[in-house]
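Notes for the one structure printed next.
Nothing in this text is a laboratory measurement; each read-out follows from the coordinates by a stated rule. Bear in mind that the values here come from a model prediction, so they are computed numbers and not experimental data. Cβ: placed from backbone, ideal geometry, glycine included. Neighbour counts: every protein chain shown.
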Amino acid sequence: MSTQATVHFQENGKTEAIIYRHTDGYPEGLGEDLQTFLNEVNKLKDKRFDDPSYLAAKFVVWQAA
């Protein structure tokens, strides 16, 4: 059975992008993946990651790798 989840990327309390994940939506799956992704993003000097839509798109690409 799948554990679905959504990730809401927000700016100033307003949701700008939503990512749906069909499996592994629990903290030990998606939570760890998000933490790893955000740790990698924080190492980069790319100001575009301040844009929630851009960040969400990069997360989708990162998951596919």
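Taken over segment 11-25, residues that are of a type outside the set (A, V, I, L, M, F, W, C) and either closer than 10 Å to L55 by Cβ or touching a Cys at 6+ places or on another chain (Cβ under 6 Å) (or both) amount to 2. Residues of segment 38-56 being closer than 18 Å to Q10 by Cβ, surrounded by 11 or more Cβ atoms within 10 Å (Cβ to Cβ) and either over 11 Å from the mean Cα position of the chain (by Cα) or not small (G, A, S) (or both), which ones? Residues satisfying the conditions are L38, V41, R48, F49, D51, P52, Y54, L55. Considering segment 6-18 alone, what residues qualify as being in contact with a Phe, Trp or Tyr (Cβ under 6 Å, 6 or more places away or on another chain) and closer than 16 Å to E32 by Cα? Within segment 6-18, just T6 meets the criteria. Cβ-Cβ distances below 8 Å connect the following pairs, each with a first residue in segment 38-56 that is more than 16 Å from Y20 (Cα to Cα) and free of Cβ contacts under 8 Å to residues at least 40 places away in the same chain, a second residue that is among the aromatic types (F, W, Y) and not in a loop (DSSP other than H, G, I, E, B), and a separation of six or more residues or different chains: E40/W62; V41/F49; R48/Y54.
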